[in-house]
Amino acid sequence: MEYRTENRDDRLLVWISGVITFDDHEPFRRIVDEIAACTPELVELSLTTTKMIDSAGIGMLLLAKDKADKSGKALVLSGVTGHVAKVVELSKVDQLIKIV
Amino acid sequence: MSGPDESLLSDHAVDTALILIVDDQKSSRLMIAAVLEAAGFTNHLFASDGVEALDVLEREPVEIVVLDIVMPNKDGFDVCREVRQRLNLPVSILIQTALEDADQRASAFDAGASDVISKPIHPHEIVSRVRLHLERRRMMNSLQRYRRRMEEELKAAEAMQISLLKSDEDVAAIARPRGADLWTFYQASNQLGGDLWQVFEIDETRFGILMIDLSGHGVAAAINAFRVHMLTDTLRHDRSEPGLWLAAVNDYLYQILPVEHFATAFYAVIDTASGHLHYAIAGAPPPILLEASGGWQALGGSGLILGCAPGVSYDTWKTSLKQGDRLLCYSDALYENFEQPDLSLEPEDLARLAHDVVSREGGAGFMSAMIGQVFDDPEAQSRDDLTLLLLEVTGDR
């Protein structure tokens, strides 16, 4: 997994690429910390270039959402396609995290 | 549990590490011994040639050898080679070479020396090298001990986890009188896993099958699997209603799981007498029904993963189950390929493979044949926990 963040006026944009798996806890922790610390009240995780996600990866998205909730921010997922879309469909994570 | 030992060498303490000093000149042996003794290394043995050195090494637990090269009978290079190749000892060998001879130093390492020290002996250097190598040995030993203990603990935990799963006989005792055969397979990706299957008696004609996959894998997932196992055994909810039962499991998991952990589940009630399967799904991959007629279908229906929100309701779905039908339940490790995402399998791929396999290998042989079909190297550890259940409706009661 690789990621980069961009602070826009209205949102914190996080692009996540590659595969999000069990092995990505550490980099994902950094994303979560950035979510807690950022100024905008909207966080968008862009998964356009995320190729695959495993159950631990879904867990990390839930953690990010929880962190956003607790720091008074809204978190949305965008660019949900391919394997990620299948996992979302199966897990019904869209009932927990808003997808745009 | 504690980490690796931190009791490494202190500067002035007496050290009882057994050191073998090998030199054909008595004056050199005594000088090296005196230098080491002054630095606190009081435990040494002597050998005056290579043959004698090997003899000592075979008998005594020597930790470090200070070895001369040019000696009668057997030289230092031969001793090195024999220690490594014939005796296969991990002892540290410090070989004495003339500093200016680069070729000789390289040959010493090739022969199996751990390090080279200059000749004539320089007291400060030899003490520093001995210390360094002892420190390294002790760190390695401590890490090895730590690793062995972790492996033993994991092995014990793995045995506990496997003992939770019902034996083939116990499964057959539930399924057979209710008109079905049930075959199971479970393999953790790394000793401890977060997958779990269970079979429940419901009444004289019905039984329940459950498959749960805790998110992640490894120790945390395994501990959660233990908790879920306890829960599913003791939960006093009606197991004959899959949707209501998963809802109860969900409420409990919501209370105990941290926010980033969840579980997927498939729970079905098998009733071969009425020819029905009632089931509920919480984020699990769709089981595949291989029909006796030759057709197949991935079971429809879905539901939110378990443990993320309270008060979630789960639908109970229903499908017919005829004599000769087979139901394949599997965890996502069967079809997801994280090394080569494009090679991940779809339900139709699995259905086709499973169909091929059951036409050749029914029952007990199915699991290994199916795994052989899906994975290039079935012996290789999968990256995630793998569970398979195959139900066959026999209709015999």
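Summary of computed values
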read-out: Full-extension gain in nm, B:Q85 to B:D376, via 0.36 nm per residue minus C-alpha separation; value: 101.1 nm
read-out: Approximate spin-label separation B:N337-B:A159, in nm, with each point projected 7 Å along Cα-to-Cβ; value: 3.8
read-out: Choice from B:R84, B:R176, B:R227 with maximal GNM fluctuation in chain B (Cα, 10 Å cutoff); value: B:R84
read-out: Phi to ³J(HN,Hα) by Karplus 6.51 cos²θ - 1.76 cosθ + 1.60 over segment B:218-225, Hz, x for Gly, Pro; value: x, 4, 4, 5, 5, 5, 4, 5
read-out: Diffusion constant of segment B:19-144 at 37 °C, which comes from Stokes-Einstein with the Kirkwood Cα-pair radius and 0.692 mPa s, µm²/s; value: 228
read-out: Whether segment B:255-298 is rounded, prolate or oblate, judged on the alpha carbon gyration tensor where a/c under 1.5 counts as rounded; value: oblate
read-out: Inter-chain shielding of A:57-67 (mean C-beta neighbours from other protein chains, 10 Å cut-off); value: 4
read-out: Hypothetical label at A:L42: residues of segment A:64-98 whose amide nitrogen lies under 15 Å (7 Å Cα-Cβ projection); value: A:73-79, A:98
read-out: Cα centroid separation - segment A:57-100 against segment B:284-304, whole Å; value: 27
read-out: Lysine pair count for segment A:2-99 [Cα-Cα under 14 Å; pairs on different chains or 8 or more apart]; value: 4
read-out: Environment charge of B:E346, counting only residues whose C-beta is closer than 15 Å and scoring Lys/Arg +1, Asp/Glu -1; value: -4
read-out: Low-density loop cleavage sites - trypsin sites (Lys or Arg not before Pro) in chain A, where at most 12 other Cβ are within 10 Å (DSSP); value: A:R8
read-out: Charge context of B:L182, other residues only, Cβ under 11 angstrom, K/R +1, D/E -1; value: 0
read-out: Ranked order, B:I209, B:I121 - accessible area, probe 1.4 Å, largest first; value: B:I121, B:I209
read-out: Nonlocal amide H pairs with B:G216, under 5 Å, H built at 1.01 Å; value: A:S55, A:A56
read-out: A:R4-B:V56 FRET efficiency (beta carbon distance; Förster radius 60 Å; 0.05 resolution); value: 0.45
read-out: Placed amide H near A:L75: partners under 5 Å, 5+ positions off or other chain; value: A:V43
read-out: Whole-Hz ³J(HN,Hα) from phi, Karplus 6.51 cos²θ - 1.76 cosθ + 1.60, for segment B:134-148, glycine and proline x; value: 5, 4, 4, 4, 5, 5, 4, 4, 5, 5, 5, 4, 4, 5, 4
read-out: Spatial separation of Cα centroids for segment B:184-220 and segment A:26-49, in angstrom; value: 34
read-out: Spin-label pair A:D33/B:S142, simplified geometry with 7 Å Cα→Cβ offset, distance in nm; value: 2.8
read-out: Whole-percent pair-distance distribution, where bins are 10 Å wide, for the alpha carbons of segment A:2-99; value: 17, 56, 26, 1
read-out: B:R149-B:I223 FRET efficiency (beta carbon distance; Förster radius 22 Å; 0.05 resolution); value: 0.70
read-out: Residues whose placed amide H lies under 5 Å from that of B:D15, excluding near-sequence neighbours; value: B:F41, B:T42
read-out: Average accessible surface area per residue within segment B:196-286, 1.4 Å rolling probe, Å²; value: 34
read-out: Scaled radius of gyration (Cα, divided by 2.2 N^0.38 Å) that the protein assembly as shown gives; value: 1.36
read-out: Averaged over B:337-345, number of beta-carbon atoms from partner chains that fall within 10 Å; value: 3
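The values are calculated or read from the model by the stated rules, or taken from the named source; none is laboratory data. Because the structure is predicted, anything quoted here is derived from the model rather than measured. For neighbour counting, all protein chains shown are included, and Cβ atoms are generated from backbone atoms with ideal geometry for every residue, glycine included. Remember, those area values only see protein heavy atoms, side chains included, never the ligands or the DNA or RNA. Shrake-Rupley method; radii C 1.70, N 1.55, O 1.52, S 1.80 Å.
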